[in-house]
Amino acid sequence: MNQTRQKVKEQFRLFLTNKGLKATLQRSLILDAFLDLDRSTHIDELYLILRGKHPNIGHATVYRALRLFTTAGIAREINLGDGLTRYELAGGRRHDYLVCSDCGTVTEFENSSIERHQAEVARSMGFTVQSLKIELRGVCNRCMAQPE
C-alpha cells in the first residue's frame, strides 16, 4: 500500500499543480485519512474521522476535497440509490455491495471468482469493460430476524 499511497499522492500533487491549485495541509490530511480507510467511505464518515483528530477541518472542506480527488482521477463515486455518495480509491481493489432493502445497510464484499468469470464473459463476447458495479439487493439477517 505504501507504493500505491505515494503514487496517489504524487498524482494529486501534479493535478493540483496543473490546475494552479494549492497543496494545502487540509487537503493532505483528508487524502491521508481517505487512503488510510482502504475501503469506500462517504463524506459524513470521513468528516467524523477527521474531526476527531483535526477539529478545525470543516464538512465543506472534506466535501470539496473528495470532489477534487474524483476530478483528479484518484477516487471514484459510487451511488447505491440510498442518498449517500460513497468514494473509493480509483484503480484500487474493486468492491461489490450487498444492500439491505429494509434498513439500508451496505456491506462491501470481494469475490475473485466472480471477477474472473465476469472478465471471461466480457472477453468471450469481444467486450471491453470500462466500469463495473455489482449491487445485490435483499434483506439482511438482522432485518429478517426482527418480528413483523
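The values are calculated or read from the model by the stated rules, or taken from the named source; none is laboratory data. Treat the numbers as computed from the prediction; the structure is a model and nothing was measured. When we count neighbours, we look across all protein chains shown, and the Cβ atoms used for this are built from the backbone with ideal geometry, even at glycine. These area figures cover heavy atoms from the full protein model, side chains too; ligands, DNA and RNA do not enter into them. Shrake-Rupley method; radii C 1.70, N 1.55, O 1.52, S 1.80 Å.
Of all the residues in the stretch 43-55, those that are touching a His at 6+ places or on another chain (Cβ under 9 Å) and either open to solvent by less than 50 Å² (accessible area, probe 1.4 Å) or farther than 25 Å from residue 96 by Cβ (or both) number 3.
Can you find even one residue in the stretch 23-42 that is under 30 Å from residue 111 (Cα atoms), in contact (Cβ under 8 Å) with a residue 40 or more places away in the chain and basic (Lys, Arg)? The answer is yes; a qualifying residue exists. Here the helices (runs of 4 or more DSSP H) wholly within the stretch 9-108 that include at least 3 residues being within 13 Å of the chain's Cα centre (by Cα), over 21 Å from residue 132 (Cα atoms) and of a type outside the set (S, T, N, Q) are 25-37, 43-53.
Considered as a group, the residues in the stretch 72-84 that are under 12 Å from residue 137 (Cβ atoms) and open to solvent by less than 70 Å² (accessible area, probe 1.4 Å) include one that is modelled with the highest pLDDT, and that residue is 80.
Under 8 Å between Cβ atoms, which residue pairs at least 6 apart in sequence (or on different chains) link something in the stretch 9-20 that is under 18 Å from residue 33 (Cα atoms) with a partner that is among the charged types (D, E, K, R)? Correct list of pairs: 12/27.
Condition check for residue 58 on (1) in contact with a strand residue (DSSP E or B) (Cβ under 6 Å, 6 or more places away or on another chain); (2) modelled with pLDDT of 80 or more: one failure, at (1). Looking only at the stretch 26-42, decide whether some residue is more than 21 Å from residue 11 (Cα to Cα), open to solvent by less than 80 Å² (accessible area, probe 1.4 Å) and at pLDDT below 95. Checking the stretch 26-42: at least one residue is more than 21 Å from residue 11 (Cα to Cα), open to solvent by less than 80 Å² (accessible area, probe 1.4 Å) and at pLDDT below 95.
The set of residues in the stretch 136-148 being open to solvent by 60 Å² or more (accessible area, probe 1.4 Å) and outside any loop (DSSP other than H, G, I, E, B) consists of 136, 137, 141, 142, 144, 145.
Determine whether the stretch 6-14 contains at least one residue that is within 15 Å of residue 72 (Cα to Cα) and open to solvent by less than 50 Å² (accessible area, probe 1.4 Å). Taking every residue of the stretch 6-14 in turn, at least one turns out to be within 15 Å of residue 72 (Cα to Cα) and open to solvent by less than 50 Å² (accessible area, probe 1.4 Å). Considered as a group, the residues in the stretch 85-123 that are touching a residue at least 40 places away in the same chain (Cβ under 8 Å) and within 19 Å of residue 140 (Cα to Cα) include one that is most open to solvent (accessible area, probe 1.4 Å), and that residue is 102.
Being open to solvent by less than 30 Å² (accessible area, probe 1.4 Å), under 28 Å from residue 136 (Cα atoms) and not aromatic (Phe, Trp, Tyr), is that true of even one residue in the stretch 56-64? There is no residue in the stretch 56-64 that is open to solvent by less than 30 Å² (accessible area, probe 1.4 Å), under 28 Å from residue 136 (Cα atoms) and not aromatic (Phe, Trp, Tyr).
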